[in-house]
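The values are calculated or read from the model by the stated rules, or taken from the named source; none is laboratory data. None of the values given here were measured: they were computed from a predicted structure. Positions of Cβ are backbone-derived with ideal geometry, glycine not excepted, and every protein chain shown enters the neighbour counts. Quick note on the areas: whole protein, heavy atoms, side chains included, nothing else; ligands and nucleic acids left out. Shrake-Rupley method; radii C 1.70, N 1.55, O 1.52, S 1.80 Å.
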Amino acid sequence: MRKPAAYTILLTGVLFLLSHVSAIAQRQMEYLDRGVVAVHTGGNSVYVGWRMLGTEPDGIAFNLYRKTGNKKPVKLNHKPVIGSTNFVDAKADLSQPTIYFVKPVLQGKEQRASKPAQVWEQNYLSIPLQTPEGYTPNDASVGDLDGDGAYEIIVHMTGQSRDTPSNGFTDAPIFHAYKMDGTLLWQINLGKNIREGAHYTQFVVIDMDGDGIAEFACKTADGTIDGKGMVIGDTLKDWRNGNGKILEGPEYFTVFNGETGEAMATAPYIPARGDLCGWGGVGGNGGNDCSGNRVDRFLAGAAYLDGKLPSVLMCRGYYGRTVVAAWDWRDNKLTSRWVFDSKNGENLYSGMGNHSLSISDVDNDGKDEVVYGAMVVDDDGTGLFSTGLRHGDALHVSHFDPSSPDMLAFGIHENETNTTGYGVALYDARTGKVLWGAEEGKDIGRGMAADINPHSPGAEMWWNGSDGLYNVKGERISKGPSSTNFGIWWDGDLLRELLDKNHINKWDYTNETEVRLFTAEDCTSNNGTKATPALSADLFGDWREEVVFRTKDNKNLRIYTTTIPTKHRVYTLMHNPQYRLSIAWQNVGYNQPPHTSFFFGEGMQQPPRPNITLVQNHQNDKVKVNQ
């Protein structure tokens, strides 16, 4: 029988997609263990959660075991757990030492057991810090620094800091790397020739060479001291001027060993300062600023530019001239991959940067693009498009509209002096087409994009001063939340919750109000009025996110995890490449919440499997892991 034309077209399309996918290289990502977490929730009840990896088949199931004292382990589930990766044990005897572990079940056979998890007495893990005197623990990032499948945490310790327009001296930026038990692995002191402030030091933690151990990378200068006590450049040089600013002297880019903090390679920073006045604003925004304000606006990130391994991005400028420099660390060599340079303030790619960036494969070719606020740079370092929407403070990129195949970018814009345009806008991140905008001619400070209303398909958008909550089509659907800071997946449904300061709220879409779910007592947020956490990410347990705060006395970090059961099962978000890269850039500039590359919300389809391979490095033994 002759097949109908529609069948032939469909089959041809499927074959094309299969051939296209097979041609896309697999991204190498960090191997992770099960991340089992067990929390005492009162009486004899213990909540247990664990990871499903991004490489595991849909048919995988799990058996959960409890071991109490010297007794034999007891299997807690009657049938293998298939619908979620969490379990509530209502019959725990915590009068004796108790541990939990899981065993994956494939085709009816149990696999190797996970590492055991001790029971927490509260819903947070406390990490004791060795905070330098006069300093405060600030933004943090994570990476597997020793190849054991568990994350370590890297903390930016901040002393006296200054904003770029301000005169005055600062303390040296310091970084600490800790294991989760509080063991200090190393300290890196950037020295007096790196000014401390939110716009100066942007750091990236990512496995650049695919050996299973993350590297640490940032801008350095004369007098930087690595984790082994070795000095970069000339330790005697002091390049600070009378105003405390650093407008001359060498600038470097350094890749450090994640396990030891040792500087492995240092190169001249790209781009150099050049003409200090050449980084000024466009359209009257600061004019030709020569004081060191515009020249010292830095961003950073990481992207799979070749589809296989991450490159680190070091960026300078966003009000006028903009430069993005991509670096590779491969085979113990540091090389420049490409440099994107808008060159002057009249270029259509100038003045389009935000106080943050996002990384996303917007054209679905397996390689990442740099969403630099109101413009996008392609994976080869050429400009993909500029929307002309100009500079702003907040940026969100994801598959917000499940009815569209494209990634969307929702941005907040300032409309600087002598410029006009939307204060908020949603654009197609593949084509640059502006889908809708609002707040013409206004300077909008913050805004959010997340699915918080199940009756509206896709994500919703809202912003400071908005008159309501808007859907992806730009239609007002209800009153909106007051919180425009961070989003977090915390409770049991697929909607996102609202993270602000030291608390988490739920948007009650029926009564159009915020309901408090959780407050981190004795903890505080970072970065002044920005009120952001040290980090928010899927660090362990199931797919819900943890949030990291510092205690008010600056002596500890606390990693809070949810204990709310869920019926949904999603592979760990850290194996979604866009989400993982979101964690790498979260600390940059004005911190923004992470997003996945697929629509995450009410009515979502089964998330597509990431095209990744996991690499484990244990005792210098590189092993591909396919579980």
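Things to note:
- Inter-probe distance in nm under a simple model that places probes 7 Å from Cα toward Cβ, at LYS109 and GLU346: 7.1
- Scanning the chain for cysteines with no neighbouring cysteine C-beta under 4.7 angstrom from their C-beta gives CYS218, CYS315, CYS523.
- Each of MET604 and LEU236 was given a label point 7 Å from its Cα along the Cα-to-Cβ line. The distance between the two points is 5.8 nm.
- Note, ³J(HN,Hα) from phi for the range 594-609, Karplus 6.51, -1.76, 1.60, rounded to Hz, x at Gly and Pro: x, 9, 8, 7, 10, 5, 10, x, 4, x, 5, 7, 4, x, x, 5
- Among ALA140, LEU129, MET157 the positive-end extreme of the charge dipole of the range 92-203 (Cβ point charges): ALA140
- Prolate/oblate/rounded label for the range 353-408 (Cα gyration tensor, a/c 1.5): oblate
- Applying 1/(1 + (r/R0)^6) with r as the Cβ-Cβ distance of ALA25 and ALA267 and R0 = 30 angstrom yields a FRET efficiency of 0.70.
- For the range 543-556, 3J(HN,Hα) per residue [Karplus equation, 6.51 cos²θ - 1.76 cosθ + 1.60, θ = phi - 60°, Hz, x = Gly/Pro]: 6, 5, 8, 8, 10, 10, 10, 8, 6, 4, 8, 6, 9, 9
- Only helical runs count toward this figure. For the chain, summing -39,500 (n - 2.57) over DSSP H runs of n ≥ 4 and dividing by all residues gives -1500 deg cm²/dmol at 222 nm.
- J(HN,Hα) series, the range 355-364, from Karplus relation 6.51 cos²θ - 1.76 cosθ + 1.60, nearest Hz, glycine and proline x: 7, 7, 9, 9, 10, 7, 7, 6, 9, 6
- Take 88-99, 142-153 and order them by the average number of nearby Cβ atoms within 10 Å per residue, most first; the result is 142-153, 88-99.
- For the range 505-570: rounded, prolate or oblate by the Cα gyration tensor [a/c cutoff 1.5]: oblate
- Computed FRET value (nearest 0.05) for LYS567 with ASP163, which takes r as the C-beta separation and R₀ as 60 Å: 0.80
- For ARG273, no residue 5 or more places off, or on another chain, has a built amide H under 5 Å of its own.
- Surface share of carbon and sulfur [accessible, 1.4 angstrom probe, percent] for the chain: 49
- Nitroxide proxy distance, nm - points 7 Å out along Cα→Cβ at TRP436 and THR382: 3.4
- Extended-chain gain in nm, criterion 0.36 nm per residue less alpha-carbon gap, LYS67 and GLN96: 9.5 nm
- Distant-in-sequence amide H partners of ASP500 (H built 1.01 Å from N, under 5 Å): ASN505
- Positive dipole terminus of the chain, leading residue within GLN606, GLY258, ILE99 (C-beta point charges): ILE99
- Ranking ALA272, GLY43, TYR200 by how far each Cα lies toward the positive end of the dipole of the chain (charges on Cβ) leaves GLY43 at the top.
- Only Lys, Arg (+1) and Asp, Glu (-1) charged, at Cβ; the range 415-478 dipole about Cα centre in debye: 160
- C-alpha center-to-center spacing [the range 117-190, the range 565-588] in angstrom: 21
- Under 5 Å between amide hydrogens, built in the peptide plane, is the criterion, and for TRP120 it picks out ALA38, VAL39, HIS40 among residues at least 5 positions away or on other chains.
- Accessible surface area normalised per residue over the chain is 38 Å², counting heavy atoms of protein chains with a 1.4 Å rolling probe.
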